[in-house]
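Worksheet: one structure, shown below.
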Amino acid sequence: MIRGAAVAAAMMAFAAAACCGTNAKEPSMNHKPDPGASRAPPPRVAPVFIAGVRYAQVAGDVDTDGQVGGILAAYDASSRELWRLRIYENARRPDLEGDVQDVWFRSMRAEGSLLVIENERGERFEVDPAARRVVGRAAPASQPKSDIDPISGQQRIRRPG
């Protein structure tokens with residue numbers, strides 16, 4: 001009797017999966033992006049300390065900072081924000097959901113008195129915290145082979161030029 005109940009339960013689960021579920025490897029039949037789809041959370045990047053000042057990635061505000069990702073903040077020992085700096089531009093398209101367009105830091109480290117920041121696109125930036133400016137940028141990342149962004153699953157934003 002227990003075996004029969006287990007078989008029945010397995011058959012019901014299989015039927016429910018076949019009816020309502022989809023295999024993650026199979027494309028959906030409608031080929032339309034889910035308007036409620038969201039990207040994965042930003043990478044966790046540890047703050048960096050130079051000469052007693054803590055430098056950390058912060059979520060910017062579109063109204064005050066002009067964008068959400070790509071913002072560096074400096075904090076004193078009492079955790080009071082000293083200043084913010086936009087490390088790179090991140091233009092948004094109004095026809096796409098905002099959070100899938102945000103580009104966050106992937107890593108940040110100190111090299112002497114400079115901060116070296118790499119973003120999710122693979123672009124590297126050197127920041128002089130004493131001067132509060134980006135002083136160098138490594139060669140741009142090579143063009144991706146796909147037009148689909150691996151983080152958001154959305155069409156890549158192409159900038160002219």
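Below is a table of values for the structure above.
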{"read-out": "Scope the range 62-81; condition over 20 Å from L114 (Cβ atoms) and outside any strand (DSSP E or B); matching residues", "value": "V62, D63, T64, D65, G66, Q67, V68, G69, A77, S78, S79, R80"}
{"read-out": "Every residue from the range 76-106 that is of a type in the set (G, A, S) and open to solvent by 40 Å² or more (accessible area, probe 1.4 Å)", "value": "A77, S78, S79, A91"}
{"read-out": "Qualifying residue in the range 136-149 (condition: within 17 Å of I71 (Cβ to Cβ) and either modelled with pLDDT of 75 or more or assigned to a loop (DSSP other than H, G, I, E, B) (or both))", "value": "yes"}
{"read-out": "Close pairs (8 angstrom Cβ cut-off, 6 or more residues apart or separate chains): touching a residue at least 12 places away in the same chain (Cβ under 8 Å) in the range 104-123, hydroxyl-bearing (S, T, Y) and in a strand (DSSP E or B) anywhere", "value": "M108/Y55; L115/Y55; I117/S107; E118/S107"}
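The values are calculated or read from the model by the stated rules, or taken from the named source; none is laboratory data. Being a predicted model, the structure only gives us computed values, none of them experimental. Virtual Cβ from ideal backbone geometry, glycine too; neighbours counted across all protein chains shown. What goes into the accessible areas is simple: the full protein's heavy atoms, side chains included, and nothing from ligands, DNA or RNA. Shrake-Rupley method; radii C 1.70, N 1.55, O 1.52, S 1.80 Å.
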